[in-house]
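The values are calculated or read from the model by the stated rules, or taken from the named source; none is laboratory data. Given the structure is predicted, the values throughout are model-derived calculations rather than measurements. Please note: Cβ atoms are built from the backbone with ideal geometry, for glycine as well, and neighbour counts cover all protein chains shown.
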Amino acid sequence: MKKPLSILALLALGGLVVLGWHFYAGARVPAGQPPLESLASSNFDQLRTAFNVASGEVRIVLLLSPT
């Protein structure tokens, strides 16, 4: 009975470590790529300008929602 419980505890601890790393390690991007940014009402015009300037290139906008 102790062995399955300890395995479950190790899996839970491992999951917490992975979640902590995901949220607190920071985002890294490849060399030469601009850093990731969060979209807010204060920087929306900056995004629109950068998007329109790159009209001859491939552009991707990814919108994620927590809900």
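Things to note:
- Taken together, ALA27, ALA31, ALA50, ALA9 contain a single residue that is out of contact with any strand residue (DSSP E or B) (no Cβ under 7 Å at 6 or more places or on another chain), within 18 Å of LEU64 (Cβ to Cβ) and among the aliphatic types (A, V, I, L, M), which is ALA27.
- Screening LEU62, LEU39 for residues that are surrounded by fewer than 10 Cβ atoms within 10 Å (Cβ to Cβ), within 18 Å of the chain's Cα centre (by Cα), aliphatic (A, V, I, L, M) and in a loop (DSSP other than H, G, I, E, B) leaves exactly one candidate, LEU62.
- For the range 19-36, filtered to residues that are within 12 Å of the chain's Cα centre (by Cα) and part of a loop (DSSP other than H, G, I, E, B), the residue that is modelled with the lowest pLDDT is GLY26.
- Residue list for the range 1-18, filter: of a type in the set (A, V, I, L, M, F, W, C) and within 28 Å of the chain's Cα centre (by Cα): LEU8, ALA9, LEU10, LEU11, ALA12, LEU13, LEU16, VAL17, VAL18
- Close Cβ contacts (under 8 Å, 6 or more residues apart or on different chains) running from residues in the range 37-62 that are under 21 Å from ALA27 (Cβ atoms) and at pLDDT below 85 to residues that are of a type outside the set (A, V, I, L, M) and assigned to a helix (DSSP H, G or I) comprise VAL61/PHE51.
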